[in-house]
1. For the range 131-145, give me each residue that is of a type outside the set (Lys, Arg), under 14 Å from residue 178 (Cβ atoms) and open to solvent by less than 80 Å² (accessible area, probe 1.4 Å).
2. May I ask you to list pairs of residues, at least six apart or on different chains, whose Cβ atoms are under 7 Å apart, with the first in the range 104-120 being closer than 10 Å to residue 92 by Cβ and the second being surrounded by 15 or more Cβ atoms within 10 Å (Cβ to Cβ)?
3. Pick out the one residue from 157, 128, 85, 121 that is at pLDDT 85 or above and surrounded by 11 or more Cβ atoms within 10 Å (Cβ to Cβ).
4. Hey, could you check the range 160-171 for residues that are assigned to a helix (DSSP H, G or I) and surrounded by 13 or more Cβ atoms within 10 Å (Cβ to Cβ) and say which is nearest to the chain's Cα centre (by Cα)?
5. Determine which single condition residue 105 fails, assuming it passes every other condition in (1) farther than 30 Å from residue 151 by Cα; (2) surrounded by fewer than 10 Cβ atoms within 10 Å (Cβ to Cβ); (3) at pLDDT 75 or above.
Amino acid sequence: MLLLLVLATVGLIGASPIALRLFQGATGEWERLSFIGQTYGAASAILSVLALIGVVATLSFQARETKLAREEARRQGVGDLLKMAMEDPDLDECWGPVPPPTDPRTRKQQLYTNMIIAEWAMSFEMKALREPRLRLIANEMFQGQVGRSYWQSAREARLSTSGSRMERRFHEILDEEYRKATPSIRQEPLRPSVHGAPGRIPMWQRILWAGIGAGTLALSCRLLRSARRLPPGR
């Protein structure tokens, strides 16, 4: 359709001299039509500039969306590889030497934290995650030992390898919240005693000992009464 429209326009432009020769009119009429044509020509130029600006803006927006889509697909692929590494320590070694500590649980937590940071970065770049919300959740993460350990080992590499202004700002916000966050004091859970809560006797033991005590007291009273009823000398 676009090709047919262009060909039709070129054909009309080429046939316009022939059409003008067929038109017979006074010289003044031609001058008036010329002035009107010049007026529409100026308006047409303005509209053409606006249309060009619109086309450039559309192409720029599409290029940005395409870049974000490619970045999201790339990070999704990396996330899938990290999930495989979390499930299989042998595959984790394929990324390189596993840094200490070698505790599988700690390693899984570090890999999972890296995936969380990657998701935040994508959302922040797409402006789905605003700076106040990012600061809030980052501060909450860095209050925990897992988040602090991850950022302590990764902050220098992330800050020095930011690929864009948006990504650099994202890492700066994380680093600021890391410095401001107050580590929470981790309390060891109370260890229950063998029979239940620490320092307390279970209810069933109380009932048992109370029953034993009541039975012993009743037996003692009965024996005492029996001894009193026996005649002397026996």
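The values are calculated or read from the model by the stated rules, or taken from the named source; none is laboratory data. Predicted, not measured: the structure shown is a model, and the values here were computed from it. Cβ atoms come from the backbone with ideal geometry, glycine included; neighbour counts cover every protein chain shown. Only protein heavy atoms, including side chains, enter the accessible area calculation; ligands, DNA and RNA are left aside. Shrake-Rupley method; radii C 1.70, N 1.55, O 1.52, S 1.80 Å.
1. Here is the first cut: in the range 131-145, the ones of a type outside the set (Lys, Arg) are 131-132, 134, 136-145.
From what's left, under 14 Å from residue 178 (Cβ atoms): 134, 136-145.
Across the range 131-145, the qualifying residues are 134, 137, 138, 139, 141, 142, 143, 144.
2. Sorted first by the residue in the range 104-120, then by its partner, the pairs are 107/92; 108/86; 111/82; 111/85; 111/86.
3. Working: 157 fails: surrounded by 11 or more Cβ atoms within 10 Å (Cβ to Cβ); 128 fails: surrounded by 11 or more Cβ atoms within 10 Å (Cβ to Cβ); 85 fails: at pLDDT 85 or above.
Of the residues listed, the single one that is at pLDDT 85 or above and surrounded by 11 or more Cβ atoms within 10 Å (Cβ to Cβ) is 121.
4. So the first thing to find is which residues in the range 160-171 are assigned to a helix (DSSP H, G or I), and the list is 160, 165-171.
Then drop every residue that is not surrounded by 13 or more Cβ atoms within 10 Å (Cβ to Cβ), which leaves 166-171.
Numbers: 166: 15, 167: 14, 168: 17, 169: 16, 170: 12, 171: 14 Å.
Taking the candidates together, the pick is 170.
5. (1) is the only condition that residue 105 fails.
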